[in-house]
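Student: Let me give you the structure first, and then I'll get to my questions.
Rule-based calculations on the coordinates, nothing more; no lab input. A quick note: this is a predicted structure, and the numbers were derived from the prediction, not measured. Glycine gets a Cβ as well: all are built from the backbone with ideal geometry, and neighbour counts include every protein chain shown.
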Amino acid sequence: MDFSTFGNFLTSGSGILTLMEDIDSALTGSAEMRLLGGGNPARIPQAQKFFRNAMVDLLADGERFERLCGDYDGARGNTRFIDGLATLLRTRGGWDVGPQNIAITNGSQSSFNVLFHLFSGEFSQGKKRKILLPLAPEYIGYADIGMGEELFHSYRPTIEIRGEREFKYHVDFDRLDISDEVGAIAVSRPTNPTGNVLTDTEVAHLRELSIRHGIPFILDSAYGGPFPNIVFPEADNLWDGNTILCLSLSKLGLPGLRTGIIVADEKVIRAVTAANAIVSLAPGSTGPALVCAMVEDGSILDLSDQVIRPYYQERVKQAVVWVTAAMGNLPCRIHTPEGAIFLWLWFEGLPITSEELYTRLKQRGVLVIAGEHFFPGMNDPWTHRHECIRISYAQDSKSVQSGIAIIGEEVARAYNEDACRTA
Ligand SMILES: Cc1ncc(COP(=O)(O)O)c(C=O)c1O
């Protein structure tokens with residue numbers, strides 16, 4: 001059986017597939033695995049109770065339940081949910097949006113598949129454009145969306161060293177070149193993998209650059225505001241007609257419901273609606289149906305700010321203490337954790353690649369993600385790319401603590417082996 005180029009790409013192995021398979025085999029296999037690699041959100045009892053109650057209400061309402069299972073939603077998504085969300089964003093966020101500015105997708109990953117293809121590739125008169133990622137490391141899930149085509153151009157950041165143990169990336173505006181070959185600027189905020197929250201000034205600058213160059217600003221807010229708002233410093237939540245904001249229900253605790261939300265100019269929403277119809281007729285109905293009432297009464301924002309954010313804030317503090325203890329005098333720095341559900345660890349001068357470290361850790365029952373997968377669109381041979389790993393602190397505390405201890409042991413072993421070799 002011969003596959004097309006597309007088929008060959010799909011079967012050639014991709015980072016995001018390995019990640020999803022790692023998670024699945026760890027969850028379903030018999031070996032004990034500490035799952036510090038995946039992006040699954042934490043099971044937060046108060047949030048779970050909220051969603052369970054919403055599901056009970058839905059099941060009890062015969063007509064709504066029958067409609068949920070028995071009818072397709074429109075290609076743009078569930079009308080009642082979209083109306084409720086537009087009202088929420090207008091009244092609580094002060095955004096100038098209406099239902100015509102919102103579309104539902106089968107998860108943010110599907111949103112990016114459409115959006116990145118809308119703004120990169122072939123344009124009229126033979127022009128070719130790419131998506132500019134102003135700061136890499138950036139989300140691993142973007143990397144293979146081009147199915148073998150390189151859709152991205154990314155830049156290394158500047159690094160601010162903070163005290164003994166931390167550092168923070170900043171956009172290096174002096175290097176950014178926004179030529180005619182850039183179709184859109186895209187960032188995740190908070191950033192997966194680093195937990196970086198670009199400052200309001202950085203965001204305002206990127207917004208201004210995209211307006212000046214007549215290209216959209218794609219803001220991936222899978223962890224950000226207005227929900228689930230896993231953002232620890234004060235940060236603006238703004239929207240304008242040139243911004244394409246991507247939200248998701250996943251990090252609220254509902255990744256299995258595969259619901260993404262795009263807030264954008266009407267022309268973009270019409271294109272996303274057409275893509276939904278062509279690829280899947282309509283987006284899934286369950287996510288919007290489950291949280292519809294919470295959007296209408298605003299409790300989705302309260303759940304985010306009063307339950308979800310404080311939960312992760314507590315967990316990250318604990319995880320930083322464990323990392324500090326496990327790393328001792330090793331040259332380990334943590335990217336200041338400002339949001340999302342990850343710690344990004346940098347081992348300066350690590351004598352093995354982060355991929356080799358990943359393999360050694362997997363053999364010891366700890367799943368992490370090697371840093372080098374988080375640099376889509378970067379050709380720059382920067383050693384830093386091989387010196388970092390991402391760990392999630394969202395899983396049960398015992399696994400996270402013992403996983404971090406094992407990481408400390410394996411990193412120490414790597415440095416010691418090197419010291420013995422060079423002695
Ligand atoms: C930054 C970022 N964007 C998008 C996604 C995709 O989320 P979804 O589950 O809505 O497809 C993720 C998932 O981990 C993510 O980390």
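Student: If neighbour count is taken as other Cβ atoms inside 10 Å, put 398, 317 in order from fewest to most.
Tutor: 398, 317
Student: Given a 10 angstrom Cα cut-off, can you work out which residue in 354, 25, 14 is the most mobile in a GNM of the chain?
Tutor: Taking springs between Cα atoms under 10 Å, the residue moving most is 25.
Student: Rounded to the nearest 20 debye, what is the charge dipole size of region 72-300 about its Cα centre when +1 sits on each Lys and Arg Cβ and -1 on each Asp and Glu Cβ? Walk me through the intermediate numbers first.
Tutor: On the way: 20 positive and 27 negative charges, 83 e Å.
It comes to approximately 400 debye.
Student: Same structure again: P(r) for region 45-155: what percent of alpha-carbon pairs falls in each 10 Å bin, starting at zero?
Tutor: Per 10 Å bin, starting at zero, the Cα-Cα P(r) for region 45-155 comes out as 11, 25, 31, 23, 9, 1 percent.
Student: By count of other Cβ within 10 Å, fewest leading, how are 210, 248 ordered? Mind showing how you got there, number by number?
Tutor: Values: 210 22, 248 26.
Ranked by crowding around the Cβ, least crowded first: 210, 248.
Student: On a full-extension model of 0.36 nm per residue, what is the gain between residue 418 and residue 356, subtracting their alpha-carbon distance, rounded to one decimal in nm?
Tutor: Once the chain is fully extended between residue 418 and residue 356, it gains 20.9 nm.
Student: Right, here's the next one. Which of 192, 203, 260 sits closest to the plus end of the dipole of region 72-300, meaning its Cα is farthest towards the positive end, when Lys and Arg get +1 and Asp and Glu get -1 on the C-beta?
Tutor: The residue sitting farthest along the positive end of the dipole is 260.
Student: Give me the percent of DSSP beta bridges within the chain that run antiparallel, rounded to the nearest 5.
Tutor: In the chain, approximately 60 percent of DSSP beta bridges are antiparallel ones.
Student: Given a Förster radius of 35 Å and the C-beta distance between residue 59 and residue 242 as r, what FRET efficiency does 1/(1 + (r/R0)^6) yield to the nearest 0.05?
Tutor: Using R0 = 35 Å, I get an efficiency of 0.25.
Student: When the dipole is taken about the Cα centre of region 30-138, and only Lys, Arg (+1) and Asp, Glu (-1) are charged at their Cβ, what size is it in debye, to the nearest 20?
Tutor: With only Lys, Arg, Asp and Glu charged at Cβ, the dipole is about 440 debye.
Student: Now for a separate question. Thinking of region 369-419 as a set of Cα atoms, what percent of all their pairs are more than 16 Å apart?
Tutor: Numbers: 708 of 1275 pairs.
Percent of Cα pairs beyond 16 Å in region 369-419: 56.
Student: Say we join alpha carbon atoms closer than 10 Å with springs in a Gaussian network model of the chain; which of 381, 137, 226 then has the biggest fluctuation?
Tutor: 381
Student: Counting DSSP beta bridges with both partners in region 72-300, what percentage is antiparallel, nearest 5? Present the calculation step by step, with values, prior to reporting the outcome.
Tutor: Details: 15 of 29 bridges.
The answer is about 50 percent antiparallel.
Student: Would you mind computing Rg(Cα) / (2.2 N^0.38 Å) for region 134-180, counting N as its residues?
Tutor: Compactness ratio reported: 1.44.
Student: Which of 191, 105, 336 moves most in a GNM of the chain, Cα contacts under 10 Å?
Tutor: In the Gaussian network model the winner is 336.
Student: Right, something else. HN-Hα J couplings of region 176-190 from phi, Karplus 6.51/-1.76/1.60, θ = phi - 60°, integer Hz, Gly and Pro as x?
Tutor: Coupling constants for region 176-190: 4, 10, 9, 8, 5, 8, 9, x, 6, 10, 9, 9, 9, 8, x Hz.
Student: Let me ask another. Answer with one residue from 405, 379, 20: the one whose Cα lies farthest towards the positive end of the charge dipole of the chain, charges on Cβ with Lys, Arg +1 and Asp, Glu -1.
Tutor: Result: 405.
Student: Would you work out the charge dipole size for the chain about its Cα centre, treating the Cβ of every Lys and Arg as +1 and the Cβ of every Asp and Glu as -1, and quote it to the nearest 20 debye?
Tutor: Value, rounded to 20: 480 debye.
Student: Then there's this: Amide H of residue 261 versus every other amide H placed in the peptide plane: which residues, excluding those fewer than 5 positions away on the same chain, fall under 5 Å?
Tutor: 105, 247, 248
Student: As a test of the definition: which semi-axes, in Å, follow for region 224-270 when you take the square root of five times each eigenvalue of its alpha carbon gyration tensor? Largest first, please.
Tutor: Gyration-tensor ellipsoid for region 224-270: 20, 17, 4 Å.
Student: Okay, next question. Calculate the all-directions average of the projected area of region 320-423's alpha-carbon convex hull, and give it in nm².
Tutor: Directional mean of the projected Cα hull area for region 320-423 stands at 7.1 nm².
Student: Could you go through region 121-138 in sequence order and give the Karplus-derived ³J(HN,Hα) for each residue, using 6.51 cos²θ - 1.76 cosθ + 1.60 with θ = phi - 60°, rounded to whole Hz, and x for Gly and Pro?
Tutor: So the J values, rounded to whole Hz, are x, 7, 10, 4, 6, x, 6, 10, 10, 10, 8, 8, 9, x, 8, 10, x, 9.
Student: Taking Rh as the Kirkwood radius computed over C-alpha pairs, what is the Stokes-Einstein D of region 258-307 at 20 °C in a medium of viscosity 1.002 mPa s, expressed in µm² per second?
Tutor: Estimated diffusion coefficient is 169 µm²/s.
Student: Still on this structure, please answer the following. Go through region 310-316 residue by residue and turn each phi into a ³J(HN,Hα) via Karplus (6.51, -1.76, 1.60, θ = phi - 60°); whole Hz please, and just put x for glycine and proline.
Tutor: My calculation for region 310-316 gives x, 4, 5, 5, 5, 5, 5 Hz in order.
Student: Also, I was wondering about something else. What does the convex hull of the Cα atoms of region 72-300 come to per residue, in Å³, rounded to a whole number?
Tutor: 130
Student: Quick one: of 127/267; 130/362; 49/251, which pairs are farther than 26 Å apart, Cα to Cα?
Tutor: 130/362
Student: For a bin width of 20 Å, list the pair-distance distribution of the chain built from all Cα-Cα distances, rounded to whole %.
Tutor: With a bin width of 20 Å, the distribution comes to 26, 58, 16, 0.
Student: Based only on other Cβ atoms within 10 Å, what is the fewest-to-most ordering of 212, 92, 309?
Tutor: Ordered by Cβ neighbours within 10 Å, fewest first: 212, 92, 309.
Student: Also: What percentages, rounded to whole numbers, describe P(r) for region 1-96 computed over all alpha carbon pairs with 5 Å bin width beginning at zero?
Tutor: That works out to 2, 9, 9, 10, 12, 15, 16, 14, 9, 4, 1, 0, in percent per bin.
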